[in-house]
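J.: Shown below is the structure under consideration.
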Amino acid sequence: MKNKIALVTGGVGGIGTGVCIALAKQGYFVIANYVVPGSEAAWQAKMQQAGFSHDDCDIAFADVSDFNASGKMVADIESTIGPIDVLINCAGITRDVSLRKMTPEQWHAVINTNLSSVFNVTRHVIDGMCDRGFGRIVNISSVNATKGAFGQTNYAAAKAGILGFTKSLALEVAKKGVTVNAVSPGFIDTDMTAAVREDLRQQTLAAIPTGRAGTPDDVANAVLFLVSEESGYVTGTNMAVNGGVHVYQ
Ligand code: NAD
């Protein structure tokens, strides 16, 4: 059987790499999108360590906050590797600062990278998925989309925007065999959270009912369910992976 092809934006980051490894273990051919030149080698080493070679995975450069660059990446992948069956929109950044000090640059950087990127890449894969009658899209949102967070008006707005996008697109493509879901991680140990001040980190950890930070594997396991063939009746949902720190739905 031909392997399904999965594209993970921000795929060389902490959660992205965890998702890439989990998908590769399930037999997907995985492509990690990256934007920082030089970040390929560390990702390739991690994939190799997990037992995967160039036969199982590849890497694709693009700034996904740019619509045309995203389109070129998708076209290149589809012409050289094959049609994208699974898309994980995982690229993200933070520019935390209270609104009263936030610059337009900090606002737009976070909206463009975290929210517009989801449109930019999805727009280029959705027709193919619908035409082929199968597709799985998982958008990585955040607990702070629904909870809010001091200093994150830009980030929370972008991540809440992802939830509206997810629900609406899910309705548009439901009849085509394409599902669209979100995963909202809580506090996950990655480079993004390594930047959090130590006293705030301890305060955050103390408030998590499961008593620990999440791992990229915790997020990857939720993604694996949502991309499986068996999850075809699950669409437009938002799966919380937050150790119980914010209980909703
Ligand atoms: P990370 O910083 O390790 O990974 C993010 C990746 O996105 C990086 O590799 C970065 O280079 C890439 N990226 C940034 N801008 C890009 C662009 N314009 N084009 C392409 N790639 C770009 O962080 P992470 O913790 O692995 O976060 C992954 C996703 O999970 C993000 O969307 C983040 O908002 C979300 N998230 C993380 C946490 C957490 O606690 N770590 C919690 C909730 C949500």
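The values are calculated or read from the model by the stated rules, or taken from the named source; none is laboratory data. Owing to the predicted nature of the structure, the values given are computational and were not obtained by experimental measurement. Positions of Cβ are backbone-derived with ideal geometry, glycine not excepted, and every protein chain shown enters the neighbour counts. In case anyone asks, the SASA skips ligands and DNA or RNA and just uses the protein heavy atoms, side chains included. Shrake-Rupley method; radii C 1.70, N 1.55, O 1.52, S 1.80 Å.
J.: As a quick test, which of the pairs LYS4/LYS159; LYS72/LYS175; LYS46/LYS176 have an alpha carbon distance above 30 angstrom in this structure?
T.: LYS46/LYS176
J.: Rg and Dmax of region 5-241 over Cα atoms: what are they, in angstrom?
T.: 17.0, 51
J.: Pick from ASP56, ASP96, ASP131: which residue has the top mean-square fluctuation in a GNM of the chain where Cα pairs under 10 Å get a spring?
T.: Result for the chain, Cα springs under 10 Å: ASP131 fluctuates most.
J.: Could you compute the longest span of the chain free of chymotrypsin sites (Phe, Trp or Tyr not before Pro) located in DSSP loops and having at most 15 other Cβ atoms within 10 Å, not counting the site residues?
T.: Looking at the chain, 1-149 is the longest stretch - no exposed chymotrypsin sites (Phe, Trp or Tyr not before Pro) with at most 15 other Cβ atoms within 10 Å.
J.: Leaving out ligands and nucleic acids, and using a 1.4 Å probe, what accessible area per residue does the chain come to in Å²?
T.: Value for the chain: 48 Å² per residue.
J.: Show me the trypsin sites (Lys or Arg not before Pro) within region 151-249 that DSSP assigns to loop and that have at most 10 other Cβ atoms within 10 Å of their Cβ.
T.: Passing sites in region 151-249 are ARG197.
J.: Report the far tail of the P(r) of region 119-245, meaning the percent of Cα-Cα pairs longer than 19 Å.
T.: 52 percent
J.: Tally Lys and Arg at +1 and Asp and Glu at -1 over the other residues with C-beta under 15 Å from the C-beta of TRP107: what net charge comes out?
T.: +2
J.: Per 5 Å bin from zero, what fraction in whole % of the C-alpha pairs of region 62-157 is there, up to the bin with the longest pair?
T.: Taking every Cα pair in region 62-157, the percentages come to 3, 14, 20, 21, 15, 11, 8, 6, 2, 0.
J.: Most fluctuating residue of THR80, THR146, THR210 in a GNM of the chain with Cα springs under 10 Å: which is it?
T.: Maximum among the listed residues: THR80.
J.: Give me the aspartates and glutamates in straight-line cross-link reach of LYS167: C-alpha distance below 18 Å, same-chain residues under 8 apart excluded.
T.: ASP127
J.: Counting other Cβ atoms within 10 Å, keep those with at most 11, restrict to DSSP loop, and tell me which trypsin sites (Lys or Arg not before Pro) in region 1-103 are left.
T.: LYS2
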